[in-house]
Structure formats: structure tokens, C-alpha cells
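Structure, as C-alpha cells:
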Amino acid sequence: MAQGHLIPAVDTALLLATHGAVCTIVATPATAARVRPTVESAKGSGLRVRLAEFPLDYAGAGMPEGVDNIDNVPGEFIARYFLAVARLRAPVERHLRAGAPYPTCVVSDFCHPWTSELAAGLGVPRLTFFSMCAFCLLCQHNVERFHAYDGVADDNEPVVVPGLARRFEVTRAQAPGFFRNPGWEKFADDVERARAEADGVVMNTFLEMEPEYVSGYADARGMKVWTVGPVALYHQSTATLAARGNAAAIGADECLQWLDGKEPGSVVYVSFGSIVHPEEKQIVELGLGLEASGQPFIWAVKSPDHHGEASLAFLRELEARTAGRGLIIRGWAPQALILSHRAAGAFVTHCGWNSTLEAAAAGLPVVAWPHFSDQFLNAKMAVEVLSIGVGVGVEEPVVYRADRKEIVVGRATVEAAVRSVMDGGEEGEARRRRARALAAQARAAMREGGSSHANLVDLVARFQPRDVVNGTTTTTPPRP
């Protein structure tokens, strides 16, 4: 799947292995290549974690060879990609049956409804994994459950999210429901059915950050929710932080050397994740806004080959003008390493939950700049619930639009947002205090005695084999 799903899923597997589980990570070749260094490092430290690689049937699915991860699948092949992944059920089941120990539980991303049949075939429980926060999931659930959009013709007309103690407004464009897009109706129904049939939920968040939304979602779904995050805190060393998720386009030592030369809390980190590729006009406006802010910055520009020569020329000119103050990384950046450095002061983010939670765990305020999907609700979480962020005013999806409407955040807005989040005044300092307090809670949740630590221990204990004879499980564990 996409990096925002893949990275926390692997981290969760490593955490479960830390507490005694034997974890098999199922991956396509491109995905396996990205996470293999992390998995091998964990195996080298004694964890019982393994990587099982399964190629897709590209020809059978009518797909180009080698496109097996969301960020390298052309848009016109996305539906075929999901069908191709679903066809892995039989080979994955054969692999798990042949290996030892016999699996006791399947934990699968909510985007893989086919794993319902996989778990049933194996005769074991299945848990749904969400790389999202409970606030987002509960809002999405409630607008569908209570038919909040009935009678609302305009996709950008705000409605109040029903069933919450606090008032939050969303639009259908911001929160349509998962896969509730034309042509995806059956897949969306399959996803919902699989979620309803799951034996529980594993979620990359922590209880202290959103207790009312965790309990609200558990009650709404009528199932157990294990909060196990922030799972990124599994990584404590520079090496694993730098290698997490993909090979970085900059060496860890070079990155650290640049950061070491900056004042504490002075650097703005900018990244929009692995899927979003801003258009040329947005590249220019963002760069000029960062330049005008006067702050040192690191800007991760993913996949330079997506940009035209004019964009690349602008980036070279910007580098020359901001030499020593600005660092532009062309490709994958060691994000967790950067955010955890003392020089980091704020994060300009697309508000993918992986990034939002990493900022919170690092104690950093954010500039919330959502682009699509759950990012709008994550932005509300950061700005309105946690009060650790400022927004740039984007209220409708920027990408995956059928009408190709151009939405550009101007340089003045970028500059103002960066200055606001880095402000040394009373409001800015209060925002940073809240972010630091949240980071302390996150670390406490992952330590022994903390809520996430306890949930990880409970997960392993609940689903471990009860009777093992000669390395073979003879009974399956109880359902939650």
C-alpha cells in the first residue's frame, strides 16, 4: 500500500515482535525492497519477524510490470491494482499454512477486505489495522451512520458531524467516506463489510491524546480497540530512523551535520508525503513563501521527475539564494530523524496521519495543509482538537479531482503560516507547550506501564498459541 500505511504497519509488527510475537509481514516486491533493511535490522537484534514477498500477476490484472505500490501505480490502474492484490489471498494462505508456527491472527490494513476470507480459511481471528486517528474514523463513521449528507447537494457545503460532544463541521469533499467515489461502490461496500466483521481494531494512536474518540469509536463499532502508538517510537537509533520506510536521498550524517549547525527549534521541515506532487505554480509559491519567512528550512521534494524543467530551475535558483539556510532534498527524506532533532521547530505537512503523529511525538507544532482523503480530518485534529497547528485555508481536495480545478496557496499565506507557527509570542509559545506536553504523553504511553505498552502486551497474550506441540499450534486463540 501507500507509505503512510506501510511504515506504521511494519513498525507495529516490530513492536509486537518485541513483546514476543512471531510476525510475518506480507509484501509485494517493491514494498519488500523498501522495508527489508528495517526488517533485517530487527531480525539482527533477535526479533522473530520475517518478510514474505509475493509478486502480483501483472499480466492477469492488465497492469504494467512492476507497479505494485500505490505511489508508483498510474491513476488509471488503481482499481486493477486492488484487484491484483486481492488475488494474493490463495498464495498467502498456502505460505502461512506451510510455515511454522501456524498463524494465530491476521492483522490487515482496512484497505484489504480480501483478508476476511484469508483469516476464515486459516480459521483464525482478524484484526483491522488503521494508520489513522480515532477522531478521523469516528467522524467518517458518524457522517455515514447518521446520513449527514442526505439532502446536501453541494460537496463543499459544511455539515455538523453528528454524535460528538464538540461541534465540528466537514464537507462531503473532505470526508466522503472511505472509497465512496463513483465507480468504487462495490469496493467501498466490501471495505465496510470487512470492517464490521473484524474481531477488533489496532490503531496507530495513543489513548491519552484522544480518549473520548477512542472510546466513541469502540462503542460505535461494538468492538475492542487497541491503541498501540506512536509506533514510530520503536525506532531509537539514528540508523533505523534514517532507514525507516525507504532509502533516503540524503545520508544521515550529512543531514545531521546540516541540522547541528542550526539553532534549537529554528528549522521548518516541509513534506507532503509520498503521493502528493505539487504543480509548478504551487512549487514556486511555496518556495517563495519559505524564502520570505526568513526561517531555516528543509524541504523534501518527492520524485523530481514529476516536475517540469521550469520547476527544477526554480528549485536550483531557490537553493542558490538560500544557501546555508535552506536544504532541498530531492526524493525521500529521513523524516523521523529530522523531526526528532533539537533544531526542528515546526512541520509544514499534508496531514497524513503518519506525519501528524510523528510531529506530535516529536513535540512540534504543524502548519496543516491537507490535500485529500483523511488529511482534512487530521488537520482538524491538529488545529481544532489538539491546538498544536495553524491552517493554510485549504478546504477542498487539491488532488484526485475530476474537474482539475486549480487550488494554489499563495506565497503570502505560506509566509504568514510559517511565521505564525514559529512565532515567539504568547500564542505561539502556548502552541509549542501543548506540543511538548503531547510528546511527553506519547513517550509515557510507549513505556512499561503506559497505555500503548499495555495494549501491545495484551495483543500478544490474547492471540498467542494456547497449546503448542512440536512447534505446531493445536488450538486457535479465543476471539476478543
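Tell me the residue from Ala59, Ala33, Ala27 that is over 30 Å from Gly449 (Cβ atoms), at pLDDT below 95 and buried (at least 22 other Cβ atoms within 10 Å of the Cβ), please.
Just one listed residue meets the conditions, Ala27.
Residue check: is Ala13 under 25 Å from Met446 (Cβ atoms), surrounded by 15 or more Cβ atoms within 10 Å (Cβ to Cβ) and at pLDDT 95 or above? If you could, list the steps in order and put the result at the bottom.
Numbers: under 25 Å from Met446 (Cβ atoms): yes; surrounded by 15 or more Cβ atoms within 10 Å (Cβ to Cβ): yes; at pLDDT 95 or above: yes.
Judged against the criteria, Ala13 is a match.
Of all residues in the range 16-44, count the ones that are touching a residue at least 60 places away in the same chain (Cβ under 8 Å) and hydrophobic (A, V, I, L, M, F, W, C).
So the count comes out to 5.
Would you check which residues across the range 300-330 are within 30 Å of Asn204 (Cα to Cα) and either of a type in the set (D, E, K, R) or out of contact with any strand residue (DSSP E or B) (no Cβ under 8 Å at 6 or more places or on another chain) (or both) and list them?
Lys302, Ser303, Arg330
Can you find a residue in the range 401-414 that is acidic (Asp, Glu), within 30 Å of Leu164 (Cα to Cα) and surrounded by fewer than 20 Cβ atoms within 10 Å (Cβ to Cβ)? It would help to see each step written out before you state the result.
Start the filter on the range 401-414 by keeping residues that are acidic (Asp, Glu), which leaves 403, 406.
Going one step further and asking which of them are within 30 Å of Leu164 (Cα to Cα), we end up with none.
No, that holds for no residue.
Consider the range 354-373. How many of its residues are assigned to a loop (DSSP other than H, G, I, E, B) and modelled with pLDDT of 95 or more?
Qualifying residue count for the region: 5.
Is it fair to say Ser108 is modelled with pLDDT of 95 or more, touching a Ser or Thr at 6+ places or on another chain (Cβ under 9 Å), polar (S, T, N, Q) and in the same structural domain as Cys136 (by TED's automatic domain parsing)? Break it down into steps so the answer makes sense when it comes.
On the way: modelled with pLDDT of 95 or more: yes; touching a Ser or Thr at 6+ places or on another chain (Cβ under 9 Å): yes; polar (S, T, N, Q): yes; in the same structural domain as Cys136 (by TED's automatic domain parsing): yes.
Judged against the criteria, Ser108 is a match.
Taking Arg419 as the residue in question, decide whether it is more than 25 Å from Val228 (Cβ to Cβ) and modelled with pLDDT of 95 or more.
So Arg419 passes the test.
Looking for whichever is of a type in the set (Phe, Trp, Tyr), surrounded by 21 or more Cβ atoms within 10 Å (Cβ to Cβ) and at pLDDT below 95 here; the options are Phe297, Phe272. Which one fits?
Phe272
Residues Val143, Val107, Val124: which one is touching a Pro at 6+ places or on another chain (Cβ under 9 Å) and touching a residue at least 60 places away in the same chain (Cβ under 8 Å)?
Val124
For the range 272-314, which residues satisfy the criterion of being out of contact with any helix residue (DSSP H, G or I) (no Cβ under 7 Å at 6 or more places or on another chain) and assigned to a helix (DSSP H, G or I)?
Hits for the range 272-314 are Lys281, Gln282, Asp305, His306, Glu309, Ala313.
Has the range 302-309 got at least one residue that is modelled with pLDDT under 90, surrounded by 21 or more Cβ atoms within 10 Å (Cβ to Cβ), of a type outside the set (Val, Ile, Thr) and not assigned by TED's automatic domain parsing to the domain that holds Gly75?
Yes: the range 302-309 contains one or more residues that are modelled with pLDDT under 90, surrounded by 21 or more Cβ atoms within 10 Å (Cβ to Cβ), of a type outside the set (Val, Ile, Thr) and not assigned by TED's automatic domain parsing to the domain that holds Gly75.
So which residues in the range 45-89 are aliphatic (A, V, I, L, M), in contact (Cβ under 8 Å) with a residue 12 or more places away in the chain and in a helix (DSSP H, G or I)?
Ala61, Ile70, Ala79, Leu83, Ala84, Val85, Ala86
Checking the conditions here, which among Arg89, Arg126 is out of contact with any His (no Cβ under 7 Å at 6 or more places or on another chain) and surrounded by fewer than 20 Cβ atoms within 10 Å (Cβ to Cβ)?
From the options Arg89, Arg126, the qualifying one is Arg89.
Might you let me know whether the range 276-289 holds any residue that is under 30 Å from Ala42 (Cβ atoms) and at pLDDT below 85?
Start the filter on the range 276-289 by keeping residues that are under 30 Å from Ala42 (Cβ atoms), which leaves 276.
From the residues that got through so far, the ones that are at pLDDT below 85 too are 276.
The answer is yes, given that some residue of the range 276-289 is under 30 Å from Ala42 (Cβ atoms) and at pLDDT below 85.
Does the range 129-148 hold any residues that are assigned to a loop (DSSP other than H, G, I, E, B) and either over 24 Å from the mean Cα position of the chain (by Cα) or surrounded by fewer than 17 Cβ atoms within 10 Å (Cβ to Cβ) (or both), and which are they? Step through it out loud before you land on a result.
Step one: filter the range 129-148 for residues assigned to a loop (DSSP other than H, G, I, E, B), giving 131-133, 146-148.
Correct list: Phe146, His147, Ala148.
Condition test on Val92, is it of a type in the set (Val, Ile, Thr), in a helix (DSSP H, G or I), modelled with pLDDT of 95 or more and outside the structural domain of Asn378 (by TED's automatic domain parsing)?
yes
Output the number of the condition that Cys111 fails; it satisfies all remaining conditions of (1) in a loop (DSSP other than H, G, I, E, B); (2) loosely packed, with under 13 Cβ neighbours inside 10 Å; (3) not acidic (Asp, Glu).
(2)
Scan the range 423-447 for residues that are loosely packed, with under 15 Cβ neighbours inside 10 Å, assigned to a loop (DSSP other than H, G, I, E, B) and either aliphatic (A, V, I, L, M) or modelled with pLDDT under 95 (or both) and report the count.
2
Does Gly151 meet the test of being touching a residue at least 40 places away in the same chain (Cβ under 8 Å), loosely packed, with under 12 Cβ neighbours inside 10 Å and farther than 26 Å from Val214 by Cβ?
no
Got at least one residue in the range 336-345 being among the hydroxyl-bearing types (Ser, Thr, Tyr), within 18 Å of Thr205 (Cβ to Cβ), at pLDDT below 95 and buried (at least 18 other Cβ atoms within 10 Å of the Cβ)?
Within the range 336-345, not a single residue is among the hydroxyl-bearing types (Ser, Thr, Tyr), within 18 Å of Thr205 (Cβ to Cβ), at pLDDT below 95 and buried (at least 18 other Cβ atoms within 10 Å of the Cβ).
What is the one condition in (1) assigned to a loop (DSSP other than H, G, I, E, B); (2) of a type in the set (Val, Ile, Thr); (3) touching a Phe, Trp or Tyr at 6+ places or on another chain (Cβ under 7 Å) that Val152 does not satisfy?
With respect to (1) assigned to a loop (DSSP other than H, G, I, E, B); (2) of a type in the set (Val, Ile, Thr); (3) touching a Phe, Trp or Tyr at 6+ places or on another chain (Cβ under 7 Å), Val152 is out only on (3).
The values are calculated or read from the model by the stated rules, or taken from the named source; none is laboratory data. Everything numeric in this text was worked out from a predicted model, so none of it was measured. Methodologically, a virtual Cβ is constructed for each residue, glycine included, from the backbone with ideal geometry; neighbour enumeration extends over all protein chains shown.
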